[in-house]
Amino acid sequence: MRKSRALASAGAAVAVLGLAAPVAVADGDRGAGQFNIVALPSVIARGGQLTITVDGCPDGGHATSNAFPRIELRPLHGGGDTAKGITTVDFDARAGSYDITVHCSGRSLTRPAALTVLGGVRGGLGGSSTGGATPADIAIGGGLVTAAVAAGGVFWMRRRAERQT
């Protein structure tokens, strides 16, 4: 019993420290003048709408990538040092990962593989080339219906014969 309590309290302490450490590191980075690029959604289909948010960019700037045209990043009102831009992924973008480069406050930062563009799904007839049932389809269906009726008749006749005896 004592071991389980000790393990539970040790686990709780590790969880608290594990959750607090990234917050402390992130606050320490803010003072260094670094900025962070976030693309949402990070996995997107061609023609989809993409939102780019940049922390550490109080005056705005612009973002570029091979997946979309250059977009302006505008400062968020009440967002502190955050800028945001919305764009549409090119319809002719190839499937794969793309970098995003942000130019902000006289600095440039490239985030490698910031977004992934999905390839399109090939739709179509699914391999069929006719508009309806072929004579072979009708023959197979008719044969199955006939077999089901015959099996039902045999079953019914056997049940009837069992009741008479």
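The values are calculated or read from the model by the stated rules, or taken from the named source; none is laboratory data. On a predicted model such as this, the values are computed, not experimentally measured, just so you know. As a convention, Cβ positions derive from the backbone with ideal geometry for all residues, glycine included, and neighbour counts pool all protein chains shown. To get the accessible areas, we keep the full protein, side chains included, count just its heavy atoms, and leave off ligands, DNA and RNA. Shrake-Rupley method; radii C 1.70, N 1.55, O 1.52, S 1.80 Å.
Taking the Cβ of PRO75 as the center, what net charge do the other residues with Cβ under 13 Å away carry, scoring Lys and Arg +1 and Asp and Glu -1?
Local net charge: -2.
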Open item on the list: Using protein chains only and a probe of 1.4 angstrom, how many square angstrom of LEU118 are accessible, to the nearest 10?
Closed with: 80 Å²
Open item on the list: Please report the net charge: other residues with Cβ closer than 14 Å to the Cβ of ALA93, K and R +1, D and E -1.
Closed with: -1
- [ ] For ARG94 and ASP59, calculate 0.36 nm times their separation in residues minus their Cα-Cα distance, and state this gained length in nm to one decimal.
- [x] 9.4 nm
TODO: Would you tally the net charge around GLY61, using a Cβ to Cβ cut-off of less than 10 Å, leaving GLY61 out, and scoring K and R as +1, D and E as -1?
DONE: 0
TODO: Set the Förster distance to 35 Å, then compute FRET efficiency between LEU118 and LEU76 from the Cβ-Cβ distance, nearest 0.05.
DONE: 0.80
- [ ] Give the peptides 97-107, 50-60 in descending order of average Cβ contacts within 10 Å, highest first.
- [x] 50-60, 97-107
